[in-house]
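Notes follow the structure.
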Amino acid sequence: QVQLVESGGGLVQAGGSLRLSCAASGSIFSINVMVWYRQAPGKQRELVAGITSGGSTNYADSVKDRCTISRDNAKNTVYLQMNSLKPEDTAVYYCRARVRSLYSAEEYDYWGQGTQVTVSS
């Protein structure tokens, strides 16, 4: 089994910064892509940023100049550094990882439970 645990969320004033972490653990052989999503109240979940095992990244236009995604493959952890936060960044942030387990050649998506980010104006 594979578990993803996010951390680093909280309450911050507009213009502030937060660093989110998502650690994967369990029966992991390898992790392909790792992705951050967010979901604001009453809105659909949206992609924030993604990173491949090789380090290629992509970002939503709304965050590309303010956020940096990175990963530590040795720790099976992905990070999201968010700067110049805005009230509209308020959401629950989730990570997803595409994982190959120790017991299968197939890759499956796993999700974390989410971490709340609240930006006050």
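The values are calculated or read from the model by the stated rules, or taken from the named source; none is laboratory data. Keep in mind the model is a prediction, meaning the values are calculated, not measured. Cβ coordinates were reconstructed from backbone atoms using ideal geometry, including for glycine residues, and neighbour counts include every protein chain displayed. The protein model used for the area step is the full one, side chains on, heavy atoms only, and it has no ligands, DNA or RNA in it. Shrake-Rupley method; radii C 1.70, N 1.55, O 1.52, S 1.80 Å.
Need at least 3 residues that are of a type outside the set (A, V, I, L, M) per element, so show me which strands (runs of 3 or more DSSP E) inside the range 1-92 make the cut, counting only ones lying wholly within it. It would help to see each step written out before you state the result.
Numbers: elements: 2-7, 10-13, 18-26, 28-39, 46-51, 57-59, 67-72, 77-82.
Per the criteria, 2-7, 18-26, 28-39, 57-59, 67-72, 77-82.
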Residue, farthest from Lys43 (Cα to Cα), within the range 82-117, restricted to residues that are surrounded by 15 or more Cβ atoms within 10 Å (Cβ to Cβ), polar (S, T, N, Q) and at pLDDT 95 or above: Thr115
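If you check Ala23, Ala49, which single one turns out to be touching a strand residue (DSSP E or B) at 6+ places or on another chain (Cβ under 6 Å), of a type in the set (A, V, I, L, M), at pLDDT 95 or above and open to solvent by 20 Å² or more (accessible area, probe 1.4 Å)?
Numbers: Ala49 fails: open to solvent by 20 Å² or more (accessible area, probe 1.4 Å).
None of the other options fit; the residue is Ala23.
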Any pair with Cβ under 8 angstrom, 6 or more apart, that starts in the range 44-66 at a residue that is in contact (Cβ under 8 Å) with a residue 24 or more places away in the chain and ends at one that is open to solvent by less than 40 Å² (accessible area, probe 1.4 Å) and in a loop (DSSP other than H, G, I, E, B): Val48/Ala60; Val48/Val63; Ala49/Ala60; Ala49/Val63
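Looking at the range 64-121, which of the residues that are more than 24 Å from Ser53 (Cβ to Cβ) and of a type in the set (S, T, N, Q) is nearest to the chain's Cα centre (by Cα)? Before the answer, list the steps.
Taking the range 64-121 as the starting set, the residues that turn out to be more than 24 Å from Ser53 (Cβ to Cβ) are 65-66, 83-92, 116-121.
Right, trim to of a type in the set (S, T, N, Q) and you get 83-84, 90, 116, 118, 120-121.
Working: Asn83: 15, Ser84: 18, Thr90: 14, Gln116: 12, Thr118: 16, Ser120: 21, Ser121: 23 Å.
Checking each candidate, the answer is Gln116.
Among the residues of the range 30-38, is any surrounded by 14 or more Cβ atoms within 10 Å (Cβ to Cβ), of a type in the set (Ser, Thr, Tyr) and free of Cβ contacts under 8 Å to residues at least 24 places away in the same chain? Explain how you work it out, then say what you get.
So the first thing to find is which residues in the range 30-38 are surrounded by 14 or more Cβ atoms within 10 Å (Cβ to Cβ), and the list is 31, 33-38.
Checking which are of a type in the set (Ser, Thr, Tyr) leaves us with 37.
Of the ones still in play, those that are also free of Cβ contacts under 8 Å to residues at least 24 places away in the same chain are none.
The answer is no, given that none of the residues of the range 30-38 is surrounded by 14 or more Cβ atoms within 10 Å (Cβ to Cβ), of a type in the set (Ser, Thr, Tyr) and free of Cβ contacts under 8 Å to residues at least 24 places away in the same chain.
Go through the range 54-63 and give me each residue that's of a type outside the set (A, V, I, L, M, F, W, C) and under 14 Å from the mean Cα position of the chain (by Cα).
The initial filter retains those residues of the range 54-63 that are of a type outside the set (A, V, I, L, M, F, W, C), namely 54-59, 61-62.
Thr57, Asn58, Tyr59, listed by residue number.
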